[in-house]
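Engineer: One structure, pasted below without further comment.
The values are calculated or read from the model by the stated rules, or taken from the named source; none is laboratory data. None of these values were measured; they are calculated from a predicted model. Here the Cβ positions follow ideal geometry from the backbone for every residue, glycine too, while neighbour counts run over all protein chains shown. What goes into the accessible areas is simple: the full protein's heavy atoms, side chains included, and nothing from ligands, DNA or RNA. Shrake-Rupley method; radii C 1.70, N 1.55, O 1.52, S 1.80 Å.
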Amino acid sequence: IDEVQSVFEINCGTGVDAQLLKDENIHVTATDGSPEMIAYAKSKQSKDIDFFVLDFKDLDDNWINSDLLFSNFGGLNCLDQQGLKNVVNTSAKHQNKGAYLVCVMMPKFCMMESLYLLSKFRFKSLFRRNTKKGVLVDVEGTAVKTFYHSPREVKKMLATEYSILEIKPVAFFLPPSYLEPFFQKRRKTLKFLNHLERYFGRFSLLSSYADHYIIIAVKK
């Protein structure tokens, strides 16, 4: 999105994406609900990035207007369905016509994850993502309750106020990050999967079965 000059990021984590955007001469305001994470991001990333602590419940009162609202790699998956609807409604309330919303989220099913669990005979975990109750997921040593949202659900939430520009799978063939140790000794297999990812990653129909998917929308 070439015309973007300012980004408001929520759940920025360590600030890696904020730094990449800043390197493209984009003004970035990056937020996270964790004071520890913001402190870490401030210590590691550019001083020109505006980092501050922001909880989802305070998003409406602390909205930063920008060309693009951004959340990467499951940042919004810590919200249940109602929580995600609240963020979408807040975004729609504040964003100007033509502003973008870009989110990378985790769907209710991941093919590669399920194949791995199947190979380990962990049948009860095959559909662990497909629950409204949330799943405790280890994130750098911390158990984080995670909720999975299908592309169809997110499209429905956005439909009234946004036009969907693109939905694409992210890591359909590539394994989830927690399986990296398993594939470190299987470099040729990983290289082959990467080739498949590059080709099939353009097919939006696969978004519901990848580890993540990206959704790009524009405010009507």
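Engineer: Rg to Rh ratio, the stretch 1-47, alpha-carbon atoms and Kirkwood radius? Write out the running numbers ahead of the final one.
Structural biologist: Numbers: Rg = 10.4 Å, Rh = 10.7 Å.
Looking at the stretch 1-47, the ratio lands at 0.97.
Engineer: Can you check how the C-alpha radius of gyration of the stretch 1-152 compares to 2.2 N^0.38 Å, as a plain ratio?
Structural biologist: Details: Rg = 16.7 Å, N = 152, 2.2 N^0.38 = 14.8 Å.
Normalised by 2.2 N^0.38 Å, the Cα Rg of the stretch 1-152 equals 1.12.
Engineer: At each listed q (0.12, 0.19 Å⁻¹), what is the log10 of I(q)/I(0) that the Debye formula gives for the stretch 52-103 modelled as equal alpha-carbon point scatterers?
Structural biologist: The Cα Debye sum returns log10 ratios of -0.25, -0.64.
Engineer: Roll a 1.4 Å probe over the protein heavy atoms and report the accessible area of residue 40 in Å², nearest 10.
Structural biologist: 110 Å²
Engineer: Next up: Regarding the stretch 111-211, what whole-number volume in Å³ per residue does the convex hull of its Cα atoms give?
Structural biologist: Spread over its residues, the Cα hull of the stretch 111-211 gives 125 Å³ apiece.
Engineer: Per residue, how much accessible area does the stretch 1-145 have with a 1.4 Å probe, in Å²?
Structural biologist: Normalised by residue count, the accessible surface of the stretch 1-145 is 56 Å².
Engineer: Which of the chymotrypsin sites (Phe, Trp or Tyr not before Pro) across the stretch 91-157 are loop residues per DSSP, with 11 or fewer other Cβ within 10 Å?
Structural biologist: Hits after loop and neighbour filter: 121.
Engineer: Residue by residue through the stretch 201-217, which ³J(HN,Hα) values in whole Hz follow from phi under the Karplus form 6.51 cos²θ - 1.76 cosθ + 1.60 (θ = phi - 60°), with glycine and proline marked x?
Structural biologist: x, 8, 9, 5, 4, 7, 4, 6, 10, 8, 5, 9, 9, 10, 10, 10, 9
Engineer: How big is the antiparallel share of DSSP beta bridges in the chain, given as a percent to the nearest 5?
Structural biologist: If I count the DSSP bridges inside the chain, around 55 percent turn out antiparallel.
Engineer: Could you check how much of the accessible area of the chain is carbon and sulfur, as a whole percent, using a 1.4 Å probe? Please list the in-between numbers first.
Structural biologist: Working: 6740 of 12550 Å².
Using a 1.4 Å probe with all protein chains present, the chain comes out at 54 percent carbon and sulfur.
Engineer: With a cut-off of at most 16 other beta carbons within 10 Å, and DSSP calling the residue loop, which trypsin sites (Lys or Arg not before Pro) in the stretch 81-118 qualify? Please list them.
Structural biologist: Listed in order of number, the matching sites are 97.
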